[in-house]
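Here's the structure, in C-alpha cells; my notes come after.
The values are calculated or read from the model by the stated rules, or taken from the named source; none is laboratory data. Computed from a predicted structure; not experimentally measured. Heads up, the Cβs are rebuilt from the backbone with ideal geometry, glycines too, and the neighbour counts pull from every protein chain shown.
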Amino acid sequence: MATPTMDKLEALENDSTSSHLITVTFRIRRFNPEISAEAVWEDFQLEIDPKERVLDGLHKIKWELDGTLTFRRSCAHGICGSDAMRINGKNRLACKTLIKDINPEKPITVEAIKGLTVLKDLVVDMDPFFQAYRDVMPFLVTKGNEPTRERLQSAEDRERFDDTTKCILCAACTSSCPVFWNDGQYFGPAAIVNAHRFIFDSRDEAGEQRLEILNDRDGVWRCRTTFNCTDACPRGIEVTKAIQEVKRALITRRY
Ligand code: SF4
Ligand code: FES
C-alpha cells in the first residue's frame, strides 16, 4: 500500500475533524461568591467531536468562550484525580468521560461534586477530604528490624490489598455518599479505602491503630452500604467491599 503524503494526511485529518463535529450544549452550574451567593446554571454551545472528552469541552469554553470558568485538572489522563465532577448527575472524571457516551443530544450538565464547600464554579474545598485521609495514617508504619534491602512480601500478601492501591484520591466516592452529604464528619469511603491499603499490608504494624481510628462514631459504622461509592470510582475499586472488610476486621481483629 502506498504511504500517504503529508498533504494527504493533513487533508484526511481536516476532513475528519470538520465532518464529525456536533453541536453540544454544556449546562454548567456556576458559582462566584464575589458576584452572588447563589449558584446559577449557564448554557454554552460548542462544536465538538463527540469522541472528545468533557474536559476538552470545558477547555474549549474556558479558552474560547469564557475565561472565568473555573475548574481543576492536571494530568488530563485519569491519574491525578483532580477533575472529579458531577456530569449528568453522576460523579465522573471529566478527562475520562467521552462526549459520545453521555447522550450529547441533550444538554450535558456539569456541576461541582457534592458534600464539600464550593469555592468557585467546579472547584470545591478539598481540605476536609484530605484531613480525613491524613487521619487514617496513609503510610507504612514499622518498628525495629530495619532490613538491609527491601521489605519482602509474598505475591499472595501483596494481592490482598492490590485493589485499594489504585486510589487516585479524586473524591468521587466520598462525594457520592449520602452519609457524607448529610454529615461531613464521616471519614468517608476514600479515607477508609486508604486505611484498608495499609491495614491489610503484611509489612505494616499499625493496623490496630488504624482500626481504632475507624471504630470512631464518624468511622466505618456510618457506612450504609449504598454502593454509590463503588459505582462512582473511576478506578474500578470495589470501595464498598473494602469498607466491609475493614468492618469485619474490626469485629474479628483478623487482617
Ligand atoms: S476510591 Fe476511587 S473514587 Fe474514591 S478517591 Fe479513590 S479513586 Fe477516587
Ligand atoms: S485531569 Fe488528572 S485525573 Fe483527570
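At a glance:
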read-out: Residues that are charged (D, E, K, R) and not in a loop (DSSP other than H, G, I, E, B), drawn from the stretch 196-217; value: Arg197, Glu208, Arg210, Glu212
read-out: Within the stretch 218-243, considering residues that are within 9 Å of ligand 1 (Cβ to nearest atom) and part of a loop (DSSP other than H, G, I, E, B), the one surrounded by the fewest Cβ atoms within 10 Å (Cβ to Cβ); value: Gly236
read-out: Lys143 touching a residue at least 60 places away in the same chain (Cβ under 8 Å), loosely packed, with under 13 Cβ neighbours inside 10 Å and not small (Gly, Ala, Ser); value: yes
read-out: Close pairs from the stretch 83-107: first more than 16 Å from Arg73 (Cβ to Cβ), partner small (Gly, Ala, Ser) and within 12 Å of ligand 1 (Cβ to nearest atom), Cβ under 9 Å, at least 6 apart; value: Lys90/Ser176; Lys90/Ala232
read-out: Any hit, the stretch 201-220, residues being on the phi > 0 side of the Ramachandran plot, among the hydroxyl-bearing types (Ser, Thr, Tyr) and not assigned by TED's automatic domain parsing to the domain that holds Arg92; value: no
read-out: Residue pairs meeting the criteria (Cβ under 9 Å; at least 6 apart or on separate chains; first over 24 Å from Ile79 (Cβ atoms), in the stretch 234-249; second assigned to a helix (DSSP H, G or I) and small (Gly, Ala, Ser)); value: Val246/Ala195; Ala249/Gly207
read-out: Matching helices (runs of 4 or more DSSP H) fully within the stretch 105-195 where at least 1 residues are within 15 Å of ligand 1 (Cβ to nearest atom) and within 23 Å of the chain's Cα centre (by Cα); value: 127-135, 178-182
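Okay, residues lined up against (1) more than 16 Å from ligand 2 (Cβ to nearest atom); (2) closer than 30 Å to Val110 by Cβ; (3) of a type outside the set (Gly, Ala, Ser):
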residue: Arg158; (1), (2), (3): yes, no, yes
residue: Ala171; (1), (2), (3): no, yes, no
residue: Phe180; (1), (2), (3): yes, yes, yes
residue: Tyr186; (1), (2), (3): yes, yes, yes
residue: Glu205; (1), (2), (3): yes, no, yes
residue: Trp221; (1), (2), (3): yes, no, yes
